[in-house]
Amino acid sequence: MILRDDLEMREFNFLDERASKSKDSLGRDVNEDKCSFRTDYQRDRDRIIHSKAFRRLMHKTQVFLAPEGDHYRTRLTHTLEVAQVARTIAKTLNYNEDLTEAIALGHDLGHTPFGHNGEDVLNRIHPGGFRHNEQSLRIVERLECTSKRVGLNLTKEVRDGILNHRGEGIPITLEGQIVKISDRIAYINHDIDDAIRSNVITIDALPTEDLDVLGHSHSERINNLISDLVTFSDGKDKISLSPDFNRALLHLRKYMFEHVYCSELVKREEDMNKVEVVITALYNYFIKHPEKLPELYREVALEDGNATAVKDYVSGMTDRYAISLYSDLFVPRGWTEFK
């Protein structure tokens, strides 16, 4: 048998000196007995995978609202692709793959229904705004409860990586930095794939100067970006792409915002209006009727106020649940004879 002590010793014996070691973790907010066969980072990964918030990602929009095709990405498949890219990078650089995977699997737990469109609406209507990385952290620290604990009680390194996977914050671990860049590598490339499949753009319309650097196919770009990242970051205290690759990726990202993320073909005005109507109506309804919230969120309301509890509840909904609940609350039904 290989037990936790053996795995912790392996990390010291084989991982790069810069890698995070689970035995040296900054720990959890609430002390727990150690698992006999898993490291703390492996345990964090397992808790995230078994959480309700992780399962809900399957029915949350990535870019395209309620796509009819079977092969469009959802928030869950995006998360898995980020984890795959990040694990490959961590393994190649000889950093802690378990920590990297845990951060990657948890980084988008706080996303709203209807993708960034839903986030934009909540950011406008909720006092103090809304940022999905902060909500992801709130989910693992407060909302994912069991009979034994409040939140998932994850290690500080995982929680820091989740919070700082976007924005100006720099993760405290190199594994967190890996996830931050892997997120961008994954979503830009798989969103190109989905946008081409949906006829929003064509492969010939992509900036040639960027493809000449990054690659002219999905697999080439992923492989080349990972290769450049590990080569440029090897032996350094910072994870980053080379200047040429970083410049090309940022320019390709700008193209995607102009021609996909903000495209009228994708963000059709009538669809965006419907998203705003659904999110706003649900938010305002539960602000007026906090007693209608599920028990968990009624408890949150007592601690943190109604607005926070309603934000937690609405942001956690899947696309289809939000639509179904909106229909139940606001769409009249025909009368049927009692039997």
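The figures follow:
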quantity: Positive minus negative residues near residue 89 (Lys, Arg vs Asp, Glu; Cβ under 15 Å); calculated: -1
quantity: Probe 1.4 Å, all protein chains present, accessible-area order of 154, 325, largest first; calculated: 325, 154
quantity: Over the chain: helical MRE at 222 nm, DSSP H runs n ≥ 4 each giving -39500 (n - 2.57), nearest 500; calculated: -18000 deg cm²/dmol
quantity: Probe 1.4 Å, all protein chains present, accessible-area order of 48, 222, largest first; calculated: 222, 48
quantity: Under the Karplus curve 6.51 cos²θ - 1.76 cosθ + 1.60, θ = phi - 60°, whole-Hz ³J(HN,Hα) for the range 117-122, x wherever Gly or Pro sits; calculated: 5, x, 5, 4, 5, 4
quantity: Net lengthening on full extension, residue 9/residue 91 (0.36 nm per residue, minus Cα-Cα); calculated: 27.8 nm
quantity: Mean separation of Cα contacts under 8 Å, 6 or more apart, over the residue count of the chain: relative contact order %; calculated: 18 percent
quantity: Net charge of Cβ neighbours under 12 Å - reference residue 213; Lys, Arg +1; Asp, Glu -1; calculated: -4
quantity: Residue 61 accessible area, assembled protein chains, probe 1.4 Å, Å²; calculated: 10 Å²
quantity: Listed residues 255, 215, 230: farthest to the positive end of the dipole of the range 187-275 (Cβ charges); calculated: 230
quantity: Heavy atoms of residue 251: accessible area, 1.4 Å probe, square angstrom to 10; calculated: 80 Å²
quantity: Listed residues 116, 50 arranged by accessible area, highest first, probe 1.4 Å; calculated: 50, 116
quantity: Stretch gain in nm, segment residue 333-residue 116, where the contour uses 0.36 nm per residue and the Cα spacing is subtracted; calculated: 75.0 nm
quantity: Cα-Cα over 23 Å, subset of 148/288; 52/91; 156/292; 180/238; calculated: 148/288; 52/91; 156/292
quantity: Burial ranking of peptide ranges 187-198, 75-86 (average Cβ count within 10 Å, highest at the top); calculated: 75-86, 187-198
quantity: Unit charges at the beta carbon, dipole of the chain: most positive-side option, 297, 85, 139; calculated: 297
quantity: Whole-angstrom gap from the range 298-327 to the range 122-153, using each part's C-alpha centre; calculated: 11 Å
quantity: Positive-pole candidate from 127, 164, 182, dipole of the chain, charges at beta carbon; calculated: 127
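The values are calculated or read from the model by the stated rules, or taken from the named source; none is laboratory data. Please read all numbers here as calculations on a predicted model, not as lab measurements. As a convention, Cβ positions derive from the backbone with ideal geometry for all residues, glycine included, and neighbour counts pool all protein chains shown. With ligands, DNA and RNA removed, areas are computed over all heavy atoms of the protein, side chains included. Shrake-Rupley method; radii C 1.70, N 1.55, O 1.52, S 1.80 Å.
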